[in-house]
1. Relative contact order for the stretch 25-127: what percent, with Cα pairs under 8 Å and sequence separation of 6 or more?
2. Which length gain, in nm to one decimal place, applies between Val107 and Glu54 when the Cα-Cα distance is subtracted from 0.36 nm times their residue separation?
3. Looking at the stretch 49-127, which chymotrypsin sites (Phe, Trp or Tyr not before Pro) are in a loop (DSSP not H, G, I, E or B) and have at most 11 other Cβ atoms within 10 Å?
4. Considering the options Met43, Gln99, Val124, tell which one lies farthest towards the positive end of the dipole of the stretch 32-127, charges being +1 on Lys and Arg and -1 on Asp and Glu at the Cβ, about the Cα centre.
5. Distance from a point 7 Å along Cα→Cβ of Thr81 to each backbone N in the stretch 92-127: keep the residues under 17 Å and list them by number.
6. Of the GluC sites (Glu not before Pro) in the stretch 47-87, which ones lie in a loop per DSSP and count no more than 15 other C-beta atoms within 10 Å?
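Each value in this text was obtained by applying a stated rule to the coordinates, not by laboratory testing. For clarity, every value in this text was computed on a predicted model and none was experimentally measured. Don't worry about glycine lacking a Cβ; one is built from the backbone with ideal geometry, like all the others, and counts go over all protein chains shown.
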Amino acid sequence: MSDADAQQPNQDEGANPNFDAMTRDIADVPAVEVITTVAVHLMSAAAVNLGLAEDAPEHKDLDEARKLITALAGLVTASATEVGSYHAAPLRDGLKSLQLAFREASVIPDEPGQGPGEKFTGPVFGG
């Protein structure tokens with residue numbers, strides 16, 4: 001054994017946690033839970049990139065926000081009938097809020113129907 005090998009920790013000796021004990025089997029997680037969790041992550045990341053995070057308004061990046069909002073719109077639109085209105089309604093509301101915040105944050109707002117995700121949701125107007 002070389003000196004370099006001796007300095008490397010043995011990965012079989014407690015370095016890897018028991019993931020089976022820490023997480024549920026993905027097969028046991030209902031689809032609606034996976035979809036809503038992903039949607040919430042996309043919403044949170046988009047809000048941060050819109051500069052809406054209280055503790056980090058300097059992270060504003062509209063290009064990144066556009067990508068995240070578009071991905072969220074695709075997910076929400078495609079999954080709405082599968083997750084039911086109970087879950088889809090708040091996701092749609094959050095999406096619309098982000099789309100409006102994007103329009104407000106843009107120096108030159110997109111034309112109606114051209115904003116992030118609007119190819120999936122149709123034009124978004126305030127109100």
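1. Relative contact order here is 26 percent.
2. 17.0 nm
3. For chymotrypsin sites (Phe, Trp or Tyr not before Pro) across the stretch 49-127 that sit outside H, G, I, E and B with at most 11 neighbouring Cβ atoms in 10 Å, the list reads Phe125.
4. Looking along the dipole axis, the top candidate is Val124.
5. The answer is 120-122, whose backbone nitrogens lie closer than 17 Å to the label point.
6. Taking the stretch 47-87 and a limit of 15 other Cβ atoms within 10 Å, the loop GluC sites (Glu not before Pro) found are Glu54.
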